[in-house]
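The values are calculated or read from the model by the stated rules, or taken from the named source; none is laboratory data. None of the values given here were measured: they were computed from a predicted structure. All Cβ positions, glycine included, derive from the backbone under ideal geometry; neighbour counts span all protein chains shown.
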Amino acid sequence: MTRSYRAVVIGGGVVGASVLYHLAKAGWTDVLLIERSELTSGSSWHAAGGFHTLNGDPNVARLQAYTVSLYEELERISGQSCGLHLTGGVMMADSPERMDFLRLTHARGRALGMETELITPSEAKAMFPLMNESHFVGALWDPVEGHLDPSGTTHAYAKAARVLGAEIELRNPVEDITQTPDGTWTLHTKNGPITCEHVVNAGGLWAREVGRMVGLELPVLAMEHMYLLTDTMPEVVEFNQSTGRELVGVIDFKGEIYTRQERQGILLGTYEKACKPWSPVKTPWDFGHELLAPDLDRIAPSLEVGFRHFPAVERAGIKQVINGPFTFAPDGNPLVGPVPGLTNFWSACAVMAGFSQGGGVGLVLANWMTGGDPGHDVFGMDVARFGEWATLRYTNAKVRENYSRRFSIRFPNEELPAARPAET
(Lines give C-alpha, C1' and ligand atoms only; values in the text may rest on other atoms or scores of the structure.)
Protein backbone atom coordinates (compact mmCIF):
# COMPACT_ATOMS: atom_id res chain seq x y z
CA MET A 1 0.00 0.00 0.00
CA THR A 2 1.38 3.43 -0.99
CA ARG A 3 1.39 6.08 1.70
CA SER A 4 1.09 9.76 0.84
CA TYR A 5 2.37 12.93 2.52
CA ARG A 6 2.56 16.61 1.76
CA ALA A 7 6.34 16.60 2.27
CA VAL A 8 9.02 14.02 3.05
CA VAL A 9 12.37 14.94 4.58
CA ILE A 10 15.18 12.49 3.72
CA GLY A 11 17.83 12.33 6.45
CA GLY A 12 17.72 12.00 10.23
CA GLY A 13 20.53 14.29 11.34
CA VAL A 14 20.08 17.58 13.17
CA VAL A 15 19.26 19.48 9.94
CA GLY A 16 16.58 17.03 8.78
CA ALA A 17 15.01 17.03 12.25
CA SER A 18 15.05 20.85 12.27
CA VAL A 19 13.34 21.06 8.87
CA LEU A 20 10.67 18.60 10.06
CA TYR A 21 10.07 20.61 13.24
CA HIS A 22 9.78 23.93 11.40
CA LEU A 23 7.43 22.51 8.76
CA ALA A 24 5.16 21.18 11.50
CA LYS A 25 5.41 24.47 13.39
CA ALA A 26 4.39 26.32 10.19
CA GLY A 27 1.25 24.20 9.97
CA TRP A 28 2.32 21.36 7.66
CA THR A 29 1.71 18.43 9.98
CA ASP A 30 1.25 15.90 7.16
CA VAL A 31 5.01 15.49 6.89
CA LEU A 32 7.41 12.57 7.32
CA LEU A 33 11.10 12.30 8.11
CA ILE A 34 12.60 9.11 6.71
CA GLU A 35 16.02 7.84 7.80
CA ARG A 36 18.03 4.91 6.43
CA SER A 37 19.32 3.96 9.91
CA GLU A 38 18.89 5.78 13.26
CA LEU A 39 18.68 9.47 14.13
CA THR A 40 22.19 11.04 14.22
CA SER A 41 23.82 8.08 12.44
CA GLY A 42 25.70 10.34 9.98
CA SER A 43 27.86 13.26 11.12
CA SER A 44 25.66 14.50 13.99
CA TRP A 45 26.56 11.81 16.53
CA HIS A 46 30.33 12.47 16.53
CA ALA A 47 30.16 16.27 16.23
CA ALA A 48 32.03 18.34 18.81
CA GLY A 49 28.70 20.08 19.51
CA GLY A 50 29.97 23.67 19.59
CA PHE A 51 27.73 26.61 18.70
CA HIS A 52 28.34 30.31 18.08
CA THR A 53 26.64 33.29 16.46
CA LEU A 54 29.48 35.11 14.70
CA ASN A 55 29.81 34.54 10.94
CA GLY A 56 31.47 36.43 8.08
CA ASP A 57 28.07 36.68 6.35
CA PRO A 58 25.79 38.86 8.54
CA ASN A 59 22.67 37.17 7.17
CA VAL A 60 24.00 33.75 8.17
CA ALA A 61 24.99 35.22 11.56
CA ARG A 62 21.37 36.27 12.17
CA LEU A 63 20.20 32.73 11.48
CA GLN A 64 22.88 31.34 13.79
CA ALA A 65 21.63 33.66 16.54
CA TYR A 66 18.12 32.32 15.91
CA THR A 67 19.39 28.71 16.15
CA VAL A 68 20.99 29.33 19.55
CA SER A 69 17.86 31.08 20.84
CA LEU A 70 15.72 28.11 19.75
CA TYR A 71 17.15 25.49 22.12
CA GLU A 72 15.16 26.63 25.15
CA GLU A 73 11.93 26.34 23.11
CA LEU A 74 12.85 22.84 21.92
CA GLU A 75 13.52 21.65 25.46
CA ARG A 76 10.20 23.07 26.65
CA ILE A 77 8.12 21.46 23.86
CA SER A 78 9.92 18.11 23.73
CA GLY A 79 10.83 17.55 27.37
CA GLN A 80 14.25 16.47 26.04
CA SER A 81 17.42 18.14 27.33
CA CYS A 82 19.79 19.61 24.73
CA GLY A 83 22.65 19.48 27.26
CA LEU A 84 23.30 23.21 26.87
CA HIS A 85 26.51 24.75 28.21
CA LEU A 86 26.39 28.50 27.50
CA THR A 87 29.98 29.24 28.49
CA GLY A 88 30.85 32.12 26.17
CA GLY A 89 33.97 32.08 24.04
CA VAL A 90 37.09 34.04 23.08
CA MET A 91 38.88 34.39 19.75
CA MET A 92 42.60 34.98 20.29
CA ALA A 93 44.70 37.31 18.12
CA ASP A 94 48.41 36.54 17.87
CA SER A 95 49.36 39.52 15.64
CA PRO A 96 48.33 43.14 14.92
CA GLU A 97 46.79 41.97 11.61
CA ARG A 98 44.68 39.38 13.38
CA MET A 99 43.65 42.00 15.94
CA ASP A 100 42.43 44.20 13.08
CA PHE A 101 40.38 41.25 11.86
CA LEU A 102 38.84 40.86 15.33
CA ARG A 103 37.98 44.59 15.38
CA LEU A 104 36.16 44.09 12.06
CA THR A 105 34.37 41.04 13.48
CA HIS A 106 33.45 43.02 16.61
CA ALA A 107 32.03 45.91 14.55
CA ARG A 108 30.02 43.46 12.46
CA GLY A 109 28.69 41.77 15.58
CA ARG A 110 27.68 45.11 17.10
CA ALA A 111 25.77 46.03 13.94
CA LEU A 112 23.80 42.80 14.38
CA GLY A 113 23.05 43.56 18.02
CA MET A 114 25.57 41.07 19.44
CA GLU A 115 27.20 41.87 22.78
CA THR A 116 30.79 41.16 21.77
CA GLU A 117 33.71 42.85 23.52
CA LEU A 118 37.40 43.39 22.75
CA ILE A 119 39.50 42.26 25.72
CA THR A 120 43.16 41.82 26.70
CA PRO A 121 45.05 38.50 26.74
CA SER A 122 45.12 38.69 30.56
CA GLU A 123 41.35 39.01 30.68
CA ALA A 124 41.06 35.99 28.38
CA LYS A 125 43.46 34.00 30.57
CA ALA A 126 41.25 34.68 33.61
CA MET A 127 38.49 32.76 31.80
CA PHE A 128 40.81 30.08 30.37
CA PRO A 129 43.85 29.80 32.68
CA LEU A 130 45.45 27.02 30.61
CA MET A 131 46.76 29.57 28.09
CA ASN A 132 50.13 31.34 27.99
CA GLU A 133 48.90 34.87 27.31
CA SER A 134 52.33 36.10 26.17
CA HIS A 135 51.66 34.59 22.72
CA PHE A 136 48.66 36.89 22.10
CA VAL A 137 48.03 40.61 21.59
CA GLY A 138 44.29 40.69 22.22
CA ALA A 139 41.01 38.81 22.05
CA LEU A 140 37.31 39.06 21.22
CA TRP A 141 34.78 37.91 23.83
CA ASP A 142 31.38 36.61 22.73
CA PRO A 143 28.99 35.63 25.54
CA VAL A 144 26.66 33.65 23.21
CA GLU A 145 28.89 30.66 22.56
CA GLY A 146 29.04 27.24 24.07
CA HIS A 147 28.43 23.57 23.42
CA LEU A 148 25.65 21.02 23.69
CA ASP A 149 24.82 17.34 23.45
CA PRO A 150 24.50 16.57 19.70
CA SER A 151 22.36 13.46 20.18
CA GLY A 152 20.09 15.07 22.78
CA THR A 153 19.59 18.15 20.61
CA THR A 154 18.69 16.12 17.50
CA HIS A 155 16.20 14.08 19.52
CA ALA A 156 14.75 17.32 20.98
CA TYR A 157 14.00 18.55 17.43
CA ALA A 158 12.50 15.15 16.54
CA LYS A 159 10.35 14.86 19.68
CA ALA A 160 9.12 18.47 19.31
CA ALA A 161 8.18 17.75 15.66
CA ARG A 162 6.24 14.66 16.75
CA VAL A 163 4.41 16.69 19.42
CA LEU A 164 3.28 19.02 16.62
CA GLY A 165 1.99 16.11 14.51
CA ALA A 166 4.90 15.14 12.23
CA GLU A 167 5.98 11.52 11.69
CA ILE A 168 9.41 9.88 11.75
CA GLU A 169 10.34 6.53 10.22
CA LEU A 170 13.70 4.91 10.94
CA ARG A 171 15.61 2.00 9.35
CA ASN A 172 13.95 2.49 5.95
CA PRO A 173 16.48 3.59 3.31
CA VAL A 174 15.31 5.39 0.17
CA GLU A 175 16.53 3.40 -2.84
CA ASP A 176 15.26 5.56 -5.71
CA ILE A 177 13.15 8.67 -6.39
CA THR A 178 10.87 9.18 -9.40
CA GLN A 179 8.41 11.88 -10.45
CA THR A 180 5.08 11.48 -12.27
CA PRO A 181 3.92 13.90 -15.01
CA ASP A 182 1.64 15.69 -12.52
CA GLY A 183 4.68 16.56 -10.36
CA THR A 184 4.09 14.06 -7.57
CA TRP A 185 7.23 12.42 -6.20
CA THR A 186 7.52 8.73 -5.37
CA LEU A 187 10.17 7.56 -2.91
CA HIS A 188 10.95 3.91 -3.49
CA THR A 189 12.02 2.67 -0.05
CA LYS A 190 12.98 -0.67 1.42
CA ASN A 191 9.52 -0.88 3.03
CA GLY A 192 7.55 0.17 -0.05
CA PRO A 193 6.66 3.32 -2.02
CA ILE A 194 5.81 6.69 -0.45
CA THR A 195 4.34 9.55 -2.49
CA CYS A 196 4.52 13.26 -1.66
CA GLU A 197 4.23 16.75 -3.12
CA HIS A 198 7.58 17.95 -1.78
CA VAL A 199 10.93 16.23 -1.17
CA VAL A 200 13.65 17.70 1.08
CA ASN A 201 17.19 16.39 0.64
CA ALA A 202 18.71 16.63 4.11
CA GLY A 203 20.89 13.60 3.43
CA GLY A 204 24.09 14.90 5.06
CA LEU A 205 26.93 12.55 4.16
CA TRP A 206 24.60 10.97 1.58
CA ALA A 207 23.21 14.22 0.09
CA ARG A 208 25.12 13.60 -3.18
CA GLU A 209 23.67 10.11 -3.49
CA VAL A 210 20.12 11.37 -2.84
CA GLY A 211 20.67 14.12 -5.44
CA ARG A 212 21.90 11.60 -8.01
CA MET A 213 18.58 9.74 -7.72
CA VAL A 214 16.98 12.73 -9.51
CA GLY A 215 19.89 13.48 -11.89
CA LEU A 216 21.48 16.12 -9.69
CA GLU A 217 25.21 16.45 -8.89
CA LEU A 218 25.41 18.56 -5.72
CA PRO A 219 28.71 20.34 -4.94
CA VAL A 220 29.23 18.59 -1.59
CA LEU A 221 32.35 16.93 -0.20
CA ALA A 222 33.04 15.31 3.17
CA MET A 223 36.29 16.10 4.95
CA GLU A 224 37.99 14.15 7.71
CA HIS A 225 37.84 16.23 10.88
CA MET A 226 39.77 15.41 14.04
CA TYR A 227 39.51 16.43 17.65
CA LEU A 228 41.01 14.91 20.77
CA LEU A 229 39.77 14.51 24.34
CA THR A 230 42.16 14.69 27.27
CA ASP A 231 42.09 12.89 30.59
CA THR A 232 40.95 14.80 33.67
CA MET A 233 43.24 17.82 34.17
CA PRO A 234 43.90 19.20 37.68
CA GLU A 235 43.98 22.74 36.25
CA VAL A 236 40.43 22.32 34.97
CA VAL A 237 39.20 20.83 38.25
CA GLU A 238 40.80 23.67 40.23
CA PHE A 239 39.21 26.35 38.00
CA ASN A 240 35.76 24.75 38.26
CA GLN A 241 35.99 24.47 42.04
CA SER A 242 37.39 27.96 42.65
CA THR A 243 35.02 29.84 40.32
CA GLY A 244 31.94 27.61 40.12
CA ARG A 245 32.12 28.07 36.35
CA GLU A 246 33.12 26.10 33.28
CA LEU A 247 36.06 27.10 31.08
CA VAL A 248 35.10 29.24 28.09
CA GLY A 249 35.63 28.09 24.50
CA VAL A 250 38.75 29.35 22.74
CA ILE A 251 39.62 29.76 19.06
CA ASP A 252 43.38 30.05 18.45
CA PHE A 253 43.77 31.22 14.84
CA LYS A 254 47.54 30.78 14.79
CA GLY A 255 47.26 27.12 15.78
CA GLU A 256 44.14 26.58 13.62
CA ILE A 257 42.52 25.02 16.67
CA TYR A 258 39.45 25.37 18.84
CA THR A 259 39.18 24.13 22.39
CA ARG A 260 36.65 23.91 25.21
CA GLN A 261 36.03 21.99 28.42
CA GLU A 262 34.76 18.41 28.12
CA ARG A 263 33.88 16.90 31.51
CA GLN A 264 36.98 17.74 33.60
CA GLY A 265 39.37 17.71 30.66
CA ILE A 266 39.73 19.51 27.35
CA LEU A 267 38.39 18.95 23.84
CA LEU A 268 40.81 20.27 21.20
CA GLY A 269 40.00 20.22 17.48
CA THR A 270 41.85 21.38 14.38
CA TYR A 271 41.24 22.79 10.90
CA GLU A 272 44.64 21.79 9.63
CA LYS A 273 46.23 22.91 6.35
CA ALA A 274 47.03 19.29 5.41
CA CYS A 275 43.33 18.45 5.16
CA LYS A 276 41.99 15.23 3.69
CA PRO A 277 38.73 14.54 1.81
CA TRP A 278 36.74 11.41 2.64
CA SER A 279 34.94 9.33 -0.02
CA PRO A 280 35.26 12.09 -2.66
CA VAL A 281 33.21 10.23 -5.31
CA LYS A 282 30.62 8.14 -3.47
CA THR A 283 29.59 7.71 0.17
CA PRO A 284 29.07 4.05 1.14
CA TRP A 285 25.49 3.41 2.29
CA ASP A 286 26.61 1.03 5.03
CA PHE A 287 28.73 3.70 6.79
CA GLY A 288 27.10 4.67 10.09
CA HIS A 289 28.14 4.87 13.73
CA GLU A 290 31.79 4.46 12.81
CA LEU A 291 34.91 6.60 13.13
CA LEU A 292 37.88 6.95 10.81
CA ALA A 293 41.43 6.00 11.78
CA PRO A 294 43.17 8.80 13.72
CA ASP A 295 46.09 10.49 11.97
CA LEU A 296 47.85 12.68 14.53
CA ASP A 297 50.86 13.18 12.24
CA ARG A 298 48.66 15.18 9.87
CA ILE A 299 47.56 17.60 12.59
CA ALA A 300 50.96 17.67 14.36
CA PRO A 301 51.84 21.25 13.21
CA SER A 302 48.59 22.54 14.75
CA LEU A 303 49.13 20.56 17.94
CA GLU A 304 52.68 21.90 18.31
CA VAL A 305 51.38 25.48 18.25
CA GLY A 306 48.50 24.54 20.54
CA PHE A 307 50.85 22.99 23.08
CA ARG A 308 52.98 26.15 23.12
CA HIS A 309 49.93 28.37 23.56
CA PHE A 310 48.21 26.04 26.07
CA PRO A 311 51.11 24.29 27.85
CA ALA A 312 48.90 22.47 30.37
CA VAL A 313 47.28 20.54 27.51
CA GLU A 314 50.65 19.13 26.43
CA ARG A 315 51.06 17.60 29.89
CA ALA A 316 47.62 15.99 29.80
CA GLY A 317 47.04 12.43 28.67
CA ILE A 318 44.99 11.89 25.50
CA LYS A 319 41.91 9.81 26.32
CA GLN A 320 40.49 9.56 22.79
CA VAL A 321 41.03 10.87 19.26
CA ILE A 322 37.82 11.36 17.24
CA ASN A 323 38.15 11.42 13.45
CA GLY A 324 34.87 11.64 11.56
CA PRO A 325 33.61 13.02 8.22
CA PHE A 326 31.66 16.28 7.86
CA THR A 327 30.22 17.67 4.62
CA PHE A 328 31.09 21.07 3.14
CA ALA A 329 30.06 23.09 0.11
CA PRO A 330 32.82 24.83 -1.91
CA ASP A 331 32.44 28.13 0.03
CA GLY A 332 31.64 26.58 3.42
CA ASN A 333 28.01 27.79 3.51
CA PRO A 334 25.00 25.45 3.37
CA LEU A 335 23.08 24.48 0.22
CA VAL A 336 19.49 25.50 0.95
CA GLY A 337 16.35 26.13 -1.09
CA PRO A 338 14.50 24.94 -4.19
CA VAL A 339 16.71 23.09 -6.67
CA PRO A 340 16.53 24.84 -10.08
CA GLY A 341 14.85 22.75 -12.76
CA LEU A 342 13.12 20.37 -10.34
CA THR A 343 9.56 20.96 -9.12
CA ASN A 344 9.17 20.91 -5.32
CA PHE A 345 12.59 19.33 -4.73
CA TRP A 346 14.40 21.13 -1.91
CA SER A 347 17.95 21.12 -0.57
CA ALA A 348 19.04 21.32 3.08
CA CYS A 349 22.56 19.97 3.05
CA ALA A 350 26.28 20.86 3.41
CA VAL A 351 25.47 22.35 6.83
CA MET A 352 28.88 21.81 8.38
CA ALA A 353 27.98 23.79 11.54
CA GLY A 354 24.69 22.01 12.21
CA PHE A 355 24.34 23.08 15.83
CA SER A 356 24.98 26.74 14.96
CA GLN A 357 23.03 26.83 11.68
CA GLY A 358 20.55 23.92 11.74
CA GLY A 359 17.70 25.89 13.32
CA GLY A 360 18.08 28.78 10.89
CA VAL A 361 18.22 26.42 7.91
CA GLY A 362 15.02 24.71 9.08
CA LEU A 363 13.28 28.05 9.58
CA VAL A 364 14.05 29.56 6.16
CA LEU A 365 13.33 26.34 4.28
CA ALA A 366 9.98 25.88 6.04
CA ASN A 367 9.11 29.53 5.30
CA TRP A 368 10.07 29.02 1.65
CA MET A 369 8.10 25.81 1.25
CA THR A 370 4.94 26.90 3.07
CA GLY A 371 4.82 30.60 2.15
CA GLY A 372 6.91 30.97 -1.00
CA ASP A 373 9.52 33.21 0.65
CA PRO A 374 12.39 32.32 3.02
CA GLY A 375 11.71 35.41 5.14
CA HIS A 376 15.43 36.22 5.31
CA ASP A 377 18.16 37.18 2.85
CA VAL A 378 19.67 33.74 2.21
CA PHE A 379 21.66 34.50 -0.95
CA GLY A 380 24.83 33.17 0.70
CA MET A 381 23.14 29.79 1.34
CA ASP A 382 20.98 29.47 -1.80
CA VAL A 383 21.65 26.15 -3.56
CA ALA A 384 21.16 28.00 -6.88
CA ARG A 385 24.43 29.95 -6.41
CA PHE A 386 26.31 27.04 -7.99
CA GLY A 387 25.88 26.16 -11.65
CA GLU A 388 26.88 23.17 -13.76
CA TRP A 389 30.47 24.35 -13.57
CA ALA A 390 30.56 23.13 -9.93
CA THR A 391 31.84 19.69 -10.96
CA LEU A 392 33.42 17.02 -8.77
CA ARG A 393 36.88 18.42 -9.63
CA TYR A 394 35.83 21.97 -8.77
CA THR A 395 34.13 20.90 -5.53
CA ASN A 396 37.09 18.82 -4.39
CA ALA A 397 39.54 21.69 -4.93
CA LYS A 398 37.36 24.44 -3.40
CA VAL A 399 36.26 22.48 -0.34
CA ARG A 400 39.88 21.62 0.47
CA GLU A 401 40.83 25.27 0.07
CA ASN A 402 37.95 26.44 2.25
CA TYR A 403 38.66 23.89 4.99
CA SER A 404 42.37 24.71 5.11
CA ARG A 405 41.60 28.46 5.35
CA ARG A 406 38.85 28.24 7.96
CA PHE A 407 40.97 30.10 10.52
CA SER A 408 42.79 32.33 8.01
CA ILE A 409 42.15 36.08 7.79
CA ARG A 410 39.35 36.76 5.29
CA PHE A 411 39.36 39.91 3.17
CA PRO A 412 36.26 41.57 1.66
CA ASN A 413 35.51 40.39 -1.90
CA GLU A 414 38.54 38.12 -1.78
CA GLU A 415 39.09 35.96 -4.88
CA LEU A 416 40.82 32.64 -4.17
CA PRO A 417 42.86 30.60 -6.66
CA ALA A 418 41.62 26.99 -6.30
CA ALA A 419 39.77 25.44 -9.29
CA ARG A 420 40.07 28.54 -11.47
CA PRO A 421 39.01 29.19 -14.17
CA ALA A 422 35.81 27.13 -13.99
CA GLU A 423 33.64 29.81 -15.58
CA THR A 424 34.88 32.99 -17.31
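Listing for the model above:
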item: Test: residue in the range 377-392 that is touching a Ser or Thr at 6+ places or on another chain (Cβ under 8 Å) and either more than 28 Å from Tyr227 (Cα to Cα) or of a type outside the set (S, T, N, Q) (or both); result: yes
item: Options Trp389, Trp368; residue that is more than 21 Å from Ala24 (Cβ to Cβ) and not β-branched (Val, Ile, Thr); result: Trp389
item: Considering residues of the range 28-69 that are in contact with a Pro (Cβ under 9 Å, 6 or more places away or on another chain) and of a type in the set (Ser, Thr, Tyr) only, the residue nearest to Leu86 (Cα to Cα); result: Ser44
item: All positions within the range 396-424 that are hydroxyl-bearing (Ser, Thr, Tyr) and within 28 Å of Thr105 (Cβ to Cβ); result: Tyr403, Ser404, Ser408
item: Exclusive hit being modelled with pLDDT under 95, among the basic types (Lys, Arg) and under 30 Å from Arg263 (Cα atoms), set Arg410, Arg406; result: Arg406
item: Odd one out for Thr370 among (1) under 18 Å from Val210 (Cα atoms); (2) surrounded by fewer than 23 Cβ atoms within 10 Å (Cβ to Cβ); (3) among the β-branched types (Val, Ile, Thr); result: (1)
item: So Arg162, is it free of Cβ contacts under 8 Å to residues at least 12 places away in the same chain and either part of a helix (DSSP H, G or I) or of a type outside the set (Phe, Trp, Tyr) (or both); result: yes
item: Qualifying residues in the range 317-359 (those that are surrounded by fewer than 24 Cβ atoms within 10 Å (Cβ to Cβ) and hydroxyl-bearing (Ser, Thr, Tyr)) - the one nearest to Ala65 (Cα to Cα); result: Ser356
item: Verdict on Ala65 being of a type outside the set (D, E, K, R), in contact with a strand residue (DSSP E or B) (Cβ under 6 Å, 6 or more places away or on another chain) and under 28 Å from Leu268 (Cβ atoms); result: no
item: The one condition in (1) over 26 Å from Asp94 (Cβ atoms); (2) among the small types (Gly, Ala, Ser); (3) in a loop (DSSP other than H, G, I, E, B) that Gly362 fails to fulfil; result: (3)
item: Subset tally (residues that are assigned to a helix (DSSP H, G or I) and buried (at least 16 other Cβ atoms within 10 Å of the Cβ)) for the range 280-306; result: 6
item: Residue match in the range 384-394 (condition: assigned to a helix (DSSP H, G or I), modelled with pLDDT of 95 or more and within 21 Å of the chain's Cα centre (by Cα)); result: yes
